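**Student:** Dropping a structure here in structure tokens format, bear with me for questions.
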Amino acid sequence: MAAVPRVTDAYDVMRIREDFPILARRVNGRPLVYLDSAASAQQPATVIDAVAGYSREHHANVHRGIHTLSQEATALYEAARERVRRFVNARSASEIVFVRGTTEAINLVAQAHGRAQLEQGDEILISWLEHHSNIVPWQLLCEQTGAILRVVPIDRRGVVDNDAYAGMLGPRTRIVALAQVSNALGTVLPLRELLELARRRGITTVVDGAQAVPHQRVDVQQLGCDFYAFSGHKMYGPTGIGVLYGRESILESMPPWQGGGEMILSVSFSGTTYNHLPHRFEAGTPNIAGAVGLGAAIDYIEAVGIDRIGRHEQELLASATAQLASIPGLTLIGTAPQKSSLVSFAVDGIHPHDLGTVLDSEGIAVRTGHHCAMPVMEFFGVPATTRASFGLYNSRAEIDELYGAVLRAIRMLR
Ligand code: PMP
């Protein structure tokens, strides 16, 4: 397996960039400026090599083989689970369920936990800034059980109304499901306080951590949540792998979700007996290579240091915010005091897709659209925004490039 990068004390972004082969690409004849990490972050060579190394040298199915490769594959898969456990500080690896991504994790909770627990008239509380994957699974559950979905409002900055939230926690609230960071606005929610209020009432708490884990230290025990969902591809890992953390006592109480191989208690030929959890929720052959890649991504993040990454990205955010805000006719969408690593904006008279196309012609990759958060767009009265999102490999020079290119694009499109 590839070695973990050696990182010195200073945050040397140019050195870090060398770890990401794709950043050497040119796009439309220009050096790539990748500002779409909130959709999918790029992978360091260590992740690419870990996946390739697994496929070249260790691949076999996990958990049911006596032969050497199967045992190696199982060891690598379970080692990745342990890395994830440590990364989010879960009490036990039994609490770490590998899934396809955040979307699958939330659907799992809705169907395996919610469907068994909720009755007609029970309430599920979410916020206005949620991604569709933290809205639609609950709407489906409401259709199936007769439960009611309630939505906590946000203000014009994109901040969730804490008082409204507290007032909406009622005797019938059974589930609170909140993002830790908004993918459309960048708002960081004060989750510890919000979840504490729910926990005191015995309400099940679910966190969509997709936009949090790449940027800030996450400790599920400190947060006190029952479930925490995230995706590998937003944290420098492969696509098709993600994690559902579930508090052991609550996972134990849940019926299985999907049926098939792996999800029943069994004894392997090598004599290893696995606990009922987490395999009950991993029916069928899992994404072994993906888990190995995710483990390598965590190693990479830890080698650079999540706190240093967060500080670097806050500098990028401050610089991007100041520069873009100075552009006449440009409105920042999402101005919460606590923000994570992205800027979303609208420009008077210019459709975001046109802006995005012009930026792409200069090699600058941003995302334009509703960002799977249509209620947020509706709230701000825009059909779409342009979003530039930052990762640990972005530089101040790239923010300057973005600023210059936006100015040029506005001149061209007006
Ligand atoms: N929640 C948030 C906040 C997201 O940003 C995303 C991805 N855009 C998701 C959920 C869904 O993640 P995935 O597509 O990896 O399942």
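**Student:** Looking at the structure I just gave you, is ALA198 open to solvent by 10 Å² or more (accessible area, probe 1.4 Å), of a type outside the set (D, E, K, R), away from the ligand (no atom under 14 Å from the Cβ) and over 19 Å from the mean Cα position of the chain (by Cα)?
**Tutor:** Here the answer is no, as ALA198 does not meet what is asked.
**Student:** What number goes with the only condition from (1) among the charged types (D, E, K, R); (2) more than 16 Å from the ligand (Cβ to nearest atom); (3) farther than 28 Å from LEU332 by Cβ that ARG157 does not pass?
**Tutor:** Single failed check for ARG157: (3).
**Student:** Just to be sure, is GLY65 in a helix (DSSP H, G or I), buried (at least 16 other Cβ atoms within 10 Å of the Cβ) and more than 16 Å from the ligand (Cβ to nearest atom)?
**Tutor:** On the way: in a helix (DSSP H, G or I): no; buried (at least 16 other Cβ atoms within 10 Å of the Cβ): yes; more than 16 Å from the ligand (Cβ to nearest atom): yes.
No, not satisfied.
**Student:** So if I check each of LEU149, LEU125, which one is away from the ligand (no atom under 16 Å from the Cβ), open to solvent by less than 20 Å² (accessible area, probe 1.4 Å), under 30 Å from LEU189 (Cα atoms) and over 17 Å from the mean Cα position of the chain (by Cα)?
**Tutor:** On the way: LEU149 fails: open to solvent by less than 20 Å² (accessible area, probe 1.4 Å).
Answer to the selection: LEU125.
**Student:** Could you tell me which numbered condition VAL220 fails, if it satisfies all but one of (1) within 11 Å of the ligand (Cβ to nearest atom); (2) under 17 Å from PHE87 (Cβ atoms)?
**Tutor:** (1)
Yes or no, residue by residue, for (1) outside the structural domain of HIS233 (by TED's automatic domain parsing); (2) open to solvent by 10 Å² or more (accessible area, probe 1.4 Å); (3) of a type in the set (Gly, Ala, Ser); (4) at pLDDT below 95:
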{"residue": "THR74", "(1), (2), (3), (4)": "no, yes, no, no"}
{"residue": "TYR77", "(1), (2), (3), (4)": "no, no, no, no"}
{"residue": "VAL84", "(1), (2), (3), (4)": "no, no, no, no"}
{"residue": "PHE87", "(1), (2), (3), (4)": "no, yes, no, no"}
{"residue": "ALA93", "(1), (2), (3), (4)": "no, yes, yes, no"}
{"residue": "GLU104", "(1), (2), (3), (4)": "no, yes, no, no"}
{"residue": "LEU118", "(1), (2), (3), (4)": "no, yes, no, no"}
{"residue": "HIS132", "(1), (2), (3), (4)": "no, yes, no, no"}
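**Student:** Same structure again: Can you find, within the stretch 112-122, the residue that is nearest to the ligand (Cβ to nearest atom) among those that are more than 14 Å from VAL206 (Cα to Cα) and assigned to a helix (DSSP H, G or I)? Break it down into steps so the answer makes sense when it comes.
**Tutor:** Taking the stretch 112-122 first, the residues more than 14 Å from VAL206 (Cα to Cα) are 115-122.
Still in the list and also assigned to a helix (DSSP H, G or I): 115-117.
Details: ARG115: 20, ALA116: 23, GLN117: 22 Å.
This residue is ARG115.
**Student:** Could you list, in sequence order, the residues of the stretch 296-311 that are open to solvent by 10 Å² or more (accessible area, probe 1.4 Å) and small (Gly, Ala, Ser)? Full working, then the answer.
**Tutor:** First, the residues of the stretch 296-311 that are open to solvent by 10 Å² or more (accessible area, probe 1.4 Å): 296, 299, 302-303, 305-308, 310-311.
Residues satisfying the conditions are ALA296, ALA303, GLY305, GLY310.
**Student:** Hey, does the stretch 236-250 have a residue that's touching a Cys at 6+ places or on another chain (Cβ under 9 Å) and of a type in the set (A, V, I, L, M, F, W, C)? Before you say what the answer is, go through the steps one by one.
**Tutor:** To start, the set of residues in the stretch 236-250 that are touching a Cys at 6+ places or on another chain (Cβ under 9 Å) comprises 245, 247.
Checking the rest, the ones that are also of a type in the set (A, V, I, L, M, F, W, C) come to none.
No, that holds for no residue.
**Student:** Can you name every residue in the stretch 387-414 that is within 16 Å of the ligand (Cβ to nearest atom) and of a type in the set (S, T, N, Q)? Before you say what the answer is, go through the steps one by one.
**Tutor:** Just the residues of the stretch 387-414 that are within 16 Å of the ligand (Cβ to nearest atom), to begin with: 387-391.
SER389, the sole residue that qualifies.
**Student:** State all residues of the stretch 331-377 that are in a strand (DSSP E or B) and either more than 16 Å from LEU407 (Cα to Cα) or within 18 Å of the chain's Cα centre (by Cα) (or both); if no residue qualifies, say none.
**Tutor:** Start the filter on the stretch 331-377 by keeping residues that are in a strand (DSSP E or B), which leaves 331-332, 339, 342-347, 350, 364-365, 367-369.
If the condition is that a residue be in a strand (DSSP E or B) and either more than 16 Å from LEU407 (Cα to Cα) or within 18 Å of the chain's Cα centre (by Cα) (or both), then LYS339, LEU342, VAL343, SER344, ARG367, THR368, GLY369 are the ones that fit.
**Student:** Still on this structure, I have one more. From PRO328, PRO383, grab the single residue that is surrounded by fewer than 16 Cβ atoms within 10 Å (Cβ to Cβ), modelled with pLDDT under 95 and either in a loop (DSSP other than H, G, I, E, B) or in contact with a Lys or Arg (Cβ under 8 Å, 6 or more places away or on another chain) (or both).
**Tutor:** Working: PRO328 fails: modelled with pLDDT under 95.
Only one candidate qualifies: PRO383.
**Student:** May I ask you to list the residues in the stretch 90-111 that are more than 15 Å from the ligand (Cβ to nearest atom), in a helix (DSSP H, G or I) and in contact with a strand residue (DSSP E or B) (Cβ under 8 Å, 6 or more places away or on another chain)?
**Tutor:** Selection gives GLU95 alone.
**Student:** From (1) open to solvent by 10 Å² or more (accessible area, probe 1.4 Å); (2) farther than 21 Å from ILE106 by Cβ; (3) assigned by TED's automatic domain parsing to the domain that holds ALA177; (4) at pLDDT 95 or above, pick out the condition that doesn't hold for GLN314.
**Tutor:** For GLN314, the failing item is (3).
**Student:** Residue check: is GLN211 within 23 Å of GLY242 (Cα to Cα) and exposed (fewer than 15 other Cβ atoms within 10 Å of the Cβ)?
**Tutor:** Values: within 23 Å of GLY242 (Cα to Cα): yes; exposed (fewer than 15 other Cβ atoms within 10 Å of the Cβ): no.
No, not satisfied.
**Student:** If you take the residues of the stretch 237-254 that are of a type in the set (S, T, N, Q) and at pLDDT 95 or above, which of them is farthest from the ligand (Cβ to nearest atom)? Steps first, answer last, please.
**Tutor:** Step one: list which residues in the stretch 237-254 are of a type in the set (S, T, N, Q), which gives 239, 249, 253.
In the following step, the residues that additionally are at pLDDT 95 or above were identified as 239, 249.
On the way: THR239: 8, SER249: 25 Å.
Residue satisfying both the conditions and the ranking: SER249.
**Student:** Among the numbered conditions (1) within 25 Å of LEU129 (Cβ to Cβ); (2) open to solvent by 20 Å² or more (accessible area, probe 1.4 Å); (3) not hydroxyl-bearing (Ser, Thr, Tyr), tell me where GLY369 comes up short.
**Tutor:** (2)
**Student:** Please go through the stretch 37-62 and give me each residue that is in a loop (DSSP other than H, G, I, E, B), away from the ligand (no atom under 16 Å from the Cβ) and of a type in the set (A, V, I, L, M, F, W, C), ordered by number.
**Tutor:** Start the filter on the stretch 37-62 by keeping residues that are in a loop (DSSP other than H, G, I, E, B), which leaves 37-44, 58-62.
Cutting the leftovers down to away from the ligand (no atom under 16 Å from the Cβ) gives us 44, 58-62.
ALA60, VAL62, listed by residue number.
**Student:** Cβ contacts < 9 Å: first residue among the polar types (S, T, N, Q) and more than 11 Å from the ligand (Cβ to nearest atom), restricted to the stretch 129-140; second residue open to solvent by 10 Å² or more (accessible area, probe 1.4 Å) and at pLDDT 95 or above, any location; separation 6+ or different chain. Result?
**Tutor:** Listed by first residue and then by second, the contacts come to GLN139/LEU149.
**Student:** Let me ask you something else. Out of all the residues in the stretch 340-355, is one or more open to solvent by 30 Å² or more (accessible area, probe 1.4 Å) and β-branched (Val, Ile, Thr)? Talk me through it step by step, then tell me what you get.
**Tutor:** Step one: of the stretch 340-355, the residues open to solvent by 30 Å² or more (accessible area, probe 1.4 Å) are 348-349, 351, 353-354.
Remaining after also requiring β-branched (Val, Ile, Thr): none.
Taking every residue of the stretch 340-355 in turn, none turns out to be open to solvent by 30 Å² or more (accessible area, probe 1.4 Å) and β-branched (Val, Ile, Thr).
The values are calculated or read from the model by the stated rules, or taken from the named source; none is laboratory data. Just so it is clear, the model here is predicted, and its values are computed rather than measured. Using ideal geometry, Cβ is built from the backbone for each residue, glycine included, and neighbour counts are taken over all protein chains shown. All accessible areas refer to the heavy atoms of the entire protein, side chains included, with ligands and DNA or RNA removed. Shrake-Rupley method; radii C 1.70, N 1.55, O 1.52, S 1.80 Å.
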